[in-house]
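What follows is one structure encoded as structure tokens, with my remarks underneath.
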Amino acid sequence: MTPKVKAFFDTDTFTVSYLVQEPEGTACAIIDSVLDFDHASGRTSTSSADEIISHVRANGLKVEWILESHVHADHLSAAPYLQQELGGKIGIGDQIVTIQETFGKIFNEGTEFQRDGSQFDALFRQGDSFHIGQMRGDVLHTPGHTPACMTYVIGDAAFVGDTLFMPDFGTARCDFPGGSSEVLYDSIQKILSLPDETRIFVGHDYKAPGRDEFAWETTVGEQKALNVHIGQGRPIEEFVEMRDARDATLGMPRLILPSLQVNMRAGQMPPADEKGDVFLKVPLNKL
């Protein structure tokens with residue numbers, strides 16, 4: 001099957017959210033949604049998610065899944081808001097429990113924070129499948145950027161999250177807790193073993209030097225031939241040396257602290273205090 005794919009690009013975080021629709025029906029899934037967040041004021045808004053909601057309602061679509069490719073470190077998820085407005089089940093990889101255990105300690109969440117993935121409606125494993133109407137989706141576990149990264153292969157389209165970027169930009173960083181350049185290399189090989197004509201939809205685009213427009217769709221064949229980090233059969237030793245050296249120069253994403261606290265809870269905010277106020281924590285010298 002060839003699903004209909006509509007992209008929604010968030011210019012503040014360079015995130016691409018996707019609406020994936022069965023070709024001859026109204027069932028759809030939303031992948032990697034964005035809750036707008038102004039870090040300076042601590043204010044959230046839903047303008048990005050509202051674009052998706054408007055499209056769904058205007059076209060009479062039925063949301064069956066709200067999928068996360070991983071626990072994002074650069075934007076907050078709008079999954080609970082979308083579920084409230086449109087329905088659907090929230091899904092992520094089952095290794096979310098590893099993320100929750102790691103960052104539950106970093107943010108000193110205490111015993112009341114559940115580390116079993118129960119905040120999500122579905123936890124996927126390698127080889128699992130699901131359906132969007134009559135259209136089947138298959139799940140690849142593609143860790144390396146984080147332990148919980150998943151690629152969703154839906155018909156002839158693969159939604160790779162942050163594992164791969166456009167060929168002229170390369171691959172994901174691996175220096176977050178639980179990341180590994182060796183593991184990422186192996187995960188990328190899983191994706192590149194798909195048919196060359198498979199469409200790849202990336203989770204971000206930062207407009208590589210020399211390119212005038214943002215882009216987010218490529219193919220397995222293009223990645224194999226042209227990816228500046230992994231193309232032309234680059235051996236694992238060269239990739240790991242390059243990736244680790246590059247990661248050592250990178251700063252933390254601007255929204256990593258709020259993003260992790262919210263996204264490991266399936267997009268929910270931390271519990272309010274006795275006055276109904278919600279706070280996010282800033283752990284010092286932990287990342």
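Read the figures in this text as sums done on the coordinates, not as results from a lab. Remember, it's a predicted structure, so these values are computed and weren't measured experimentally. Please note: Cβ atoms are built from the backbone with ideal geometry, for glycine as well, and neighbour counts cover all protein chains shown.
Cα centroids of the stretch 163-224 and the stretch 25-89: 23 Å apart.
Taking the Cα centre as origin and putting +1 on Lys and Arg beta-carbons and -1 on Asp and Glu beta-carbons, what dipole magnitude results for the stretch 104-193, to the nearest 20 debye?
Numbers: 6 positive and 12 negative charges, 18 e Å.
I would put it at about 80 debye.
When both bridge partners sit in the chain, DSSP labels roughly 70% of those beta bridges antiparallel. Seen from all directions on average, the stretch 144-193 presents a Cα convex hull projection of 3.5 nm².
Using Cβ counts within 10 Å as a stand-in for footprinting exposure, how do Asp205, Asp175, Asp186, Asp32 rank, fewest first? Please list the in-between numbers first.
On the way: Asp205 21, Asp175 16, Asp186 13, Asp32 27.
Final ranking by Cβ density, sparse to dense: Asp186, Asp175, Asp205, Asp32.
For the stretch 2-101, the alpha carbon convex hull comes to 108 Å³ per residue, rounded to a whole number.
I'm a student and want to see the number: the projected area of the Cα convex hull of the stretch 144-252, averaged over all directions, in nm². Spell out each step's value before the answer.
Numbers: hull surface 26.4 nm².
Over every viewing direction, the Cα hull of the stretch 144-252 projects on average to 6.6 nm².
Inter-part distance, the stretch 144-158 to the stretch 239-287, computed on C-alpha centroids, equals 21 Å. Projecting the Cα positions of Val282, Ile132, Pro270 onto the charge dipole of the chain (unit charges on Cβ atoms of Lys, Arg, Asp and Glu, taken about the Cα centre) puts Pro270 furthest along the positive direction. Among residues other than Asp273 with Cβ under 15 Å from its Cβ, the summed charge is -2 (Lys and Arg +1, Asp and Glu -1).
I'd like the Kirkwood hydrodynamic radius of the chain, using the inverse of the mean 1/r over distinct C-alpha pairs, in Å.
Working: mean 1/r = 0.0521 Å⁻¹.
In the chain this quantity evaluates to 19.2 Å.
Note on the stretch 57-212: Cα Rg divided by 2.2 N^0.38 Å, N the number of residues, gives 1.08.
List the chymotrypsin sites (Phe, Trp or Tyr not before Pro) within the stretch 152-244 that fall in a DSSP loop (any state other than H, G, I, E or B) and whose Cβ has at most 16 other Cβ atoms within 10 Å. Mind dumping the intermediate values first?
On the way: sites: Tyr152, Phe159, Phe165, Phe169, Tyr185, Phe201, Tyr206, Phe214, Trp216, Phe239; in loops: Phe165, Phe169, Tyr206, Phe214, Trp216.
Sites meeting the loop and neighbour criteria: Tyr206, Phe214.
Each helix, a run of at least 4 DSSP H residues, gives -39500 (n - 2.57); summed and divided by the residues of the chain, these come to -7000 deg cm²/dmol at 222 nm.
Beta carbons within 10 angstrom, averaged per residue: use that to sort the peptides 67-76, 255-264, 101-110, highest first.
Details: 67-76: 25.2, 255-264: 22.3, 101-110: 15.7.
Highest to lowest by the protection proxy: 67-76, 255-264, 101-110.
When the GluC sites (Glu not before Pro) in the stretch 198-231 are filtered for DSSP coil states and for at most 13 other beta-carbon atoms within 10 Å of their beta-carbon, the remaining sites are Glu213.
The relative contact order of the stretch 4-252 comes to 14 percent, based on Cα pairs under 8 Å that sit 6 or more residues apart.
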